[in-house]
Amino acid sequence: MKEHFNKYKYVYFIVFIVLIIGIPLAIQRHWGAFYKLALWATPGNHGNWMSFWGSYLGIISSVLVAIIVSKMEIYANNKRENERFYTNKYIEDLKSIYQDLINYKYDGSFKQIIDMDSDIRLTEKTINHFRMKLFDQEIVEGATIAILLKGNDLYYIKGKINMLPTDKKQIFQKSIDDLLSYLNEIYTTNSEVFIEFEQKADYYKRKFGGTSNEYWEHVKKWNKSSLKFCQNLKLFDNSYDTLRRLISEEVSRSYELMN
(Lines give C-alpha, C1' and ligand atoms only; values in the text may rest on other atoms or scores of the structure.)
Protein backbone atom coordinates (compact mmCIF):
# COMPACT_ATOMS: atom_id res chain seq x y z
CA MET A 1 0.00 0.00 0.00
CA LYS A 2 2.80 2.41 0.91
CA GLU A 3 4.64 1.67 -2.34
CA HIS A 4 1.43 2.24 -4.29
CA PHE A 5 0.88 5.60 -2.56
CA ASN A 6 4.48 6.71 -3.16
CA LYS A 7 4.18 5.75 -6.81
CA TYR A 8 0.97 7.76 -7.34
CA LYS A 9 1.33 10.41 -4.64
CA TYR A 10 1.12 13.28 -7.11
CA VAL A 11 -2.14 11.87 -8.52
CA TYR A 12 -3.58 11.63 -5.00
CA PHE A 13 -2.47 15.19 -4.28
CA ILE A 14 -4.21 16.55 -7.39
CA VAL A 15 -7.38 14.62 -6.56
CA PHE A 16 -7.30 16.02 -3.03
CA ILE A 17 -6.95 19.61 -4.29
CA VAL A 18 -9.78 19.11 -6.79
CA LEU A 19 -12.07 17.77 -4.06
CA ILE A 20 -11.44 20.44 -1.45
CA ILE A 21 -11.92 23.21 -4.01
CA GLY A 22 -14.39 21.55 -6.36
CA ILE A 23 -17.01 20.56 -3.77
CA PRO A 24 -17.46 24.07 -2.29
CA LEU A 25 -17.46 25.48 -5.80
CA ALA A 26 -20.18 23.05 -6.87
CA ILE A 27 -22.25 24.09 -3.87
CA GLN A 28 -21.78 27.76 -4.62
CA ARG A 29 -22.77 27.22 -8.27
CA HIS A 30 -25.86 25.25 -7.19
CA TRP A 31 -24.70 22.08 -8.95
CA GLY A 32 -26.75 18.96 -8.35
CA ALA A 33 -26.44 16.74 -5.30
CA PHE A 34 -23.69 18.84 -3.70
CA TYR A 35 -25.98 21.89 -3.54
CA LYS A 36 -28.96 19.90 -2.27
CA LEU A 37 -26.75 18.37 0.42
CA ALA A 38 -25.55 21.84 1.43
CA LEU A 39 -29.14 23.13 1.64
CA TRP A 40 -30.10 20.20 3.83
CA ALA A 41 -27.04 20.70 6.09
CA THR A 42 -27.45 24.51 6.43
CA PRO A 43 -31.16 25.33 6.57
CA GLY A 44 -31.96 29.02 6.42
CA ASN A 45 -28.34 30.15 5.88
CA HIS A 46 -27.18 30.21 2.24
CA GLY A 47 -25.35 33.53 1.90
CA ASN A 48 -21.99 35.14 2.52
CA TRP A 49 -19.95 32.87 0.18
CA MET A 50 -17.07 35.34 0.00
CA SER A 51 -16.57 35.01 3.74
CA PHE A 52 -16.81 31.23 3.46
CA TRP A 53 -14.22 31.01 0.65
CA GLY A 54 -11.84 33.27 2.54
CA SER A 55 -12.03 31.20 5.69
CA TYR A 56 -12.10 27.87 3.87
CA LEU A 57 -9.13 28.49 1.59
CA GLY A 58 -7.24 30.19 4.41
CA ILE A 59 -7.56 27.10 6.61
CA ILE A 60 -6.60 24.78 3.75
CA SER A 61 -3.55 26.83 2.81
CA SER A 62 -2.47 27.00 6.47
CA VAL A 63 -2.80 23.23 6.85
CA LEU A 64 -0.90 22.59 3.62
CA VAL A 65 1.90 24.98 4.59
CA ALA A 66 2.12 23.36 8.03
CA ILE A 67 2.32 19.88 6.45
CA ILE A 68 4.97 20.97 3.95
CA VAL A 69 7.07 22.74 6.60
CA SER A 70 6.77 19.73 8.91
CA LYS A 71 7.90 17.33 6.18
CA MET A 72 10.80 19.62 5.28
CA GLU A 73 11.92 19.78 8.90
CA ILE A 74 11.67 15.99 9.28
CA TYR A 75 13.67 15.54 6.06
CA ALA A 76 16.31 18.05 7.17
CA ASN A 77 16.61 16.39 10.61
CA ASN A 78 16.93 12.94 9.04
CA LYS A 79 19.55 14.26 6.65
CA ARG A 80 21.55 15.82 9.49
CA GLU A 81 21.35 12.60 11.50
CA ASN A 82 22.49 10.54 8.52
CA GLU A 83 25.36 12.92 7.83
CA ARG A 84 26.39 12.80 11.49
CA PHE A 85 26.23 8.99 11.48
CA TYR A 86 28.37 8.64 8.34
CA THR A 87 30.79 11.33 9.52
CA ASN A 88 31.25 9.45 12.82
CA LYS A 89 31.80 6.21 10.88
CA TYR A 90 34.30 7.96 8.61
CA ILE A 91 36.22 9.38 11.57
CA GLU A 92 36.35 5.96 13.24
CA ASP A 93 37.66 4.39 10.02
CA LEU A 94 40.36 7.06 9.75
CA LYS A 95 41.36 6.55 13.38
CA SER A 96 41.65 2.81 12.73
CA ILE A 97 43.88 3.41 9.69
CA TYR A 98 46.00 5.88 11.65
CA GLN A 99 46.39 3.38 14.50
CA ASP A 100 47.47 0.71 11.99
CA LEU A 101 50.17 3.09 10.75
CA ILE A 102 51.32 3.73 14.31
CA ASN A 103 51.42 -0.02 14.99
CA TYR A 104 53.47 -0.68 11.85
CA LYS A 105 56.98 -1.62 12.86
CA TYR A 106 58.65 1.31 11.08
CA ASP A 107 60.06 3.63 13.74
CA GLY A 108 60.75 6.70 11.58
CA SER A 109 64.51 6.25 11.89
CA PHE A 110 65.17 6.80 8.18
CA LYS A 111 65.28 10.52 8.88
CA GLN A 112 68.71 9.89 10.36
CA ILE A 113 70.22 8.10 7.34
CA ILE A 114 73.49 9.09 5.72
CA ASP A 115 73.67 12.48 4.04
CA MET A 116 72.98 11.70 0.39
CA ASP A 117 75.42 14.35 -0.84
CA SER A 118 78.36 12.52 0.70
CA ASP A 119 80.39 9.54 -0.48
CA ILE A 120 78.09 6.57 0.30
CA ARG A 121 79.15 2.95 0.07
CA LEU A 122 76.51 0.80 1.69
CA THR A 123 77.33 -2.78 2.66
CA GLU A 124 75.12 -5.85 2.80
CA LYS A 125 75.01 -5.49 6.58
CA THR A 126 73.80 -1.87 6.29
CA ILE A 127 71.18 -2.80 3.69
CA ASN A 128 69.80 -5.56 5.91
CA HIS A 129 69.87 -3.23 8.93
CA PHE A 130 67.53 -0.81 7.16
CA ARG A 131 65.34 -3.58 5.76
CA MET A 132 64.89 -5.10 9.21
CA LYS A 133 63.05 -1.93 10.21
CA LEU A 134 60.41 -2.62 7.57
CA PHE A 135 60.20 -6.37 7.07
CA ASP A 136 59.60 -9.36 9.25
CA GLN A 137 62.65 -11.57 9.62
CA GLU A 138 62.95 -15.29 9.16
CA ILE A 139 65.87 -17.59 9.87
CA VAL A 140 66.58 -19.97 7.00
CA GLU A 141 69.50 -22.38 7.32
CA GLY A 142 71.40 -20.06 9.59
CA ALA A 143 70.79 -16.91 7.53
CA THR A 144 68.51 -14.03 8.44
CA ILE A 145 66.43 -12.86 5.45
CA ALA A 146 63.63 -10.38 4.98
CA ILE A 147 60.29 -11.80 3.88
CA LEU A 148 57.29 -10.10 2.32
CA LEU A 149 55.08 -10.29 5.39
CA LYS A 150 55.84 -6.59 5.73
CA GLY A 151 53.22 -5.93 3.09
CA ASN A 152 50.46 -7.57 5.06
CA ASP A 153 50.20 -4.51 7.30
CA LEU A 154 50.50 -1.75 4.72
CA TYR A 155 48.46 -3.59 2.07
CA TYR A 156 45.80 -4.11 4.72
CA ILE A 157 45.83 -0.34 5.28
CA LYS A 158 45.46 0.16 1.52
CA GLY A 159 42.44 -2.14 1.61
CA LYS A 160 40.86 -0.05 4.36
CA ILE A 161 41.49 3.12 2.36
CA ASN A 162 39.89 1.55 -0.72
CA MET A 163 36.72 0.91 1.31
CA LEU A 164 36.31 4.61 2.16
CA PRO A 165 33.75 6.64 0.13
CA THR A 166 35.03 7.37 -3.38
CA ASP A 167 35.37 11.11 -2.84
CA LYS A 168 37.26 10.49 0.41
CA LYS A 169 39.69 7.73 -0.50
CA GLN A 170 41.14 9.86 -3.30
CA ILE A 171 42.68 12.07 -0.61
CA PHE A 172 44.92 9.22 0.55
CA GLN A 173 45.39 6.94 -2.46
CA LYS A 174 48.50 8.58 -3.91
CA SER A 175 50.31 8.53 -0.55
CA ILE A 176 49.55 4.86 0.16
CA ASP A 177 50.44 3.87 -3.42
CA ASP A 178 53.73 5.76 -3.19
CA LEU A 179 54.43 4.21 0.21
CA LEU A 180 53.95 0.69 -1.13
CA SER A 181 55.93 1.45 -4.29
CA TYR A 182 59.01 2.63 -2.35
CA LEU A 183 58.59 -0.24 0.08
CA ASN A 184 58.70 -2.68 -2.83
CA GLU A 185 61.82 -1.00 -4.20
CA ILE A 186 63.51 -1.50 -0.82
CA TYR A 187 62.29 -5.08 -0.58
CA THR A 188 63.53 -6.05 -4.05
CA THR A 189 67.01 -4.60 -3.50
CA ASN A 190 69.50 -7.43 -3.80
CA SER A 191 71.80 -6.98 -0.82
CA GLU A 192 74.23 -9.56 -2.24
CA VAL A 193 75.17 -7.06 -4.94
CA PHE A 194 76.73 -4.92 -2.23
CA ILE A 195 78.93 -7.85 -1.19
CA GLU A 196 80.26 -7.87 -4.74
CA PHE A 197 80.81 -4.10 -4.59
CA GLU A 198 82.95 -4.55 -1.48
CA GLN A 199 84.91 -7.47 -2.86
CA LYS A 200 85.60 -5.83 -6.23
CA ALA A 201 86.61 -2.57 -4.54
CA ASP A 202 89.20 -4.46 -2.48
CA TYR A 203 90.36 -6.28 -5.61
CA TYR A 204 90.77 -3.09 -7.69
CA LYS A 205 92.48 -1.33 -4.82
CA ARG A 206 95.02 -4.10 -4.41
CA LYS A 207 95.62 -4.55 -8.15
CA PHE A 208 95.49 -0.96 -9.42
CA GLY A 209 95.82 1.14 -6.27
CA GLY A 210 93.40 3.34 -4.37
CA THR A 211 93.92 6.28 -6.73
CA SER A 212 93.49 4.38 -10.01
CA ASN A 213 90.73 5.06 -12.54
CA GLU A 214 89.59 1.44 -12.34
CA TYR A 215 89.07 1.68 -8.61
CA TRP A 216 87.20 5.02 -8.68
CA GLU A 217 85.00 4.00 -11.62
CA HIS A 218 83.91 1.02 -9.58
CA VAL A 219 83.36 3.22 -6.50
CA LYS A 220 81.08 5.47 -8.60
CA LYS A 221 78.89 2.47 -9.45
CA TRP A 222 78.86 1.48 -5.79
CA ASN A 223 77.88 5.01 -4.74
CA LYS A 224 75.15 5.17 -7.41
CA SER A 225 73.47 1.98 -6.17
CA SER A 226 73.84 3.12 -2.57
CA LEU A 227 72.32 6.51 -3.33
CA LYS A 228 69.36 4.88 -5.07
CA PHE A 229 68.69 2.73 -2.01
CA CYS A 230 68.96 5.74 0.34
CA GLN A 231 66.67 7.74 -1.93
CA ASN A 232 64.01 5.03 -1.67
CA LEU A 233 64.40 5.09 2.12
CA LYS A 234 63.83 8.82 2.24
CA LEU A 235 60.92 8.69 -0.20
CA PHE A 236 59.33 5.95 1.88
CA ASP A 237 59.75 8.05 5.00
CA ASN A 238 58.22 11.10 3.30
CA SER A 239 55.22 9.10 2.07
CA TYR A 240 54.74 7.58 5.51
CA ASP A 241 54.71 11.03 7.14
CA THR A 242 52.46 12.45 4.40
CA LEU A 243 49.86 9.73 4.86
CA ARG A 244 49.79 10.18 8.63
CA ARG A 245 49.50 13.95 8.23
CA LEU A 246 46.64 13.69 5.71
CA ILE A 247 44.70 11.35 7.97
CA SER A 248 45.23 13.58 10.99
CA GLU A 249 44.12 16.69 9.05
CA GLU A 250 41.06 14.92 7.67
CA VAL A 251 39.98 13.77 11.13
CA SER A 252 40.30 17.33 12.44
CA ARG A 253 38.39 18.73 9.47
CA SER A 254 35.57 16.21 9.93
CA TYR A 255 35.25 17.11 13.60
CA GLU A 256 34.95 20.79 12.68
CA LEU A 257 32.19 20.03 10.16
CA MET A 258 30.20 18.26 12.88
CA ASN A 259 30.27 21.28 15.20
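Summing +1 for each Lys or Arg and -1 for each Asp or Glu, what net charge is found among the other residues whose Cβ lies under 12 Å from the Cβ of Phe208?
Charge balance near Phe208 sits at +1.
Work out the P(r) tail for the stretch 192-259: percent of alpha carbon pairs separated by more than 20 Å, whole number.
Values: 1269 of 2278 pairs.
For the stretch 192-259, the fraction of Cα-Cα distances above 20 Å is 56 percent.
With the full set of protein chains in place, find how many percent of the accessible area of the stretch 155-259 is carbon and sulfur; take the probe as 1.4 Å.
That share works out to 49 percent.
Determine the per residue accessible area of the stretch 162-238 with all protein chains present and a 1.4 angstrom probe, expressed in square angstrom.
Working: 4650 Å² over 77 residues.
Spelled out: the 1.4 Å probe surface of the stretch 162-238, per residue, equals 60 Å².
What is the local net charge at Leu235, summed over the other residues whose Cβ is closer than 9 Å to its Cβ (Lys, Arg +1; Asp, Glu -1)?
Net local charge, Leu235 excluded: -2.
The values are calculated or read from the model by the stated rules, or taken from the named source; none is laboratory data. Just so it is clear, the structure is predicted and the values come from calculations on it, not from any experiment. A quick note on method: Cβ atoms are made from the backbone with ideal geometry, for glycine too, and the neighbour counts reach across all protein chains shown. Only protein heavy atoms, including side chains, enter the accessible area calculation; ligands, DNA and RNA are left aside. Shrake-Rupley method; radii C 1.70, N 1.55, O 1.52, S 1.80 Å.
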